[in-house]
């Protein structure tokens with residue numbers, strides 16, 4: 001500057017503006033009350049960090065379901081740069097590393113608020129989720145088969 005003043009900027013303290021997309025998920029409609037509380041906790045977390053909240057997405061569905069519509073929409077949404085989830089398993093039960101790689105390629109970061117400290121507990125939780133998912137599929141198939149057999153029997157009786 002002509003006055004001899006030197007302006008020094010401290011790049012270590014300047015952080016880029018984080019525009020947050022908050023993703024809250026519960027496995028079943030029975031846990032819907034927890035969905036709102038989860039979203040509120042995540043909003044509080046983002047505000048405390050100074051993030052701008054772009055969108056809050058709430059979804060009911062299994063973490064093993066790879067066809068969650070709300071998650072699919074936000075993965076390709078260009079209007080945020082950090083995806084905030086409460087626990088890793090809220091994003092997905094399996095394959096979260098792939099999602100993180102994808103988002104990194106899209107210049108987005110995944111912020112997991114509550115990291116699991118015990119890997120063994122995390123593995124047990126994932127195993128239980130997988131077993132539960134398969135059991136519900138098997139029971140669903142059985143129920144479907146019984147309904148089909150019942151419908152066929154009723155059709156035969158009506159003839």
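Things to note:
Matching residues to (1) modelled with pLDDT of 70 or more; (2) in contact with a strand residue (DSSP E or B) (Cβ under 7 Å, 6 or more places away or on another chain); (3) more than 30 Å from residue 97 (Cβ to Cβ):
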| residue | (1), (2), (3) |
| --- | --- |
| 118 | no, no, no |
| 125 | no, no, no |
| 138 | yes, no, no |
| 141 | no, no, yes |
| 148 | yes, no, yes |
| 153 | yes, no, yes |
| 157 | yes, no, yes |
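- Subset tally (residues that are outside any helix (DSSP H, G or I), touching a strand residue (DSSP E or B) at 6+ places or on another chain (Cβ under 8 Å) and closer than 21 Å to residue 107 by Cα) for region 45-68: 7
- Residue 22, sole failed condition from (1) over 27 Å from residue 124 (Cα atoms); (2) at pLDDT 90 or above: (1)
- Just one residue in the set 83, 71, 99, 42 is assigned to a helix (DSSP H, G or I), in contact with a helix residue (DSSP H, G or I) (Cβ under 7 Å, 6 or more places away or on another chain) and in the same structural domain as residue 25 (by TED's automatic domain parsing); that residue is 99.
The values are calculated or read from the model by the stated rules, or taken from the named source; none is laboratory data. What you see is a predicted model; the values in this text were computed from it and never measured. Counting neighbours? That spans all protein chains shown, and the Cβs are built from the backbone with ideal geometry, glycine included.
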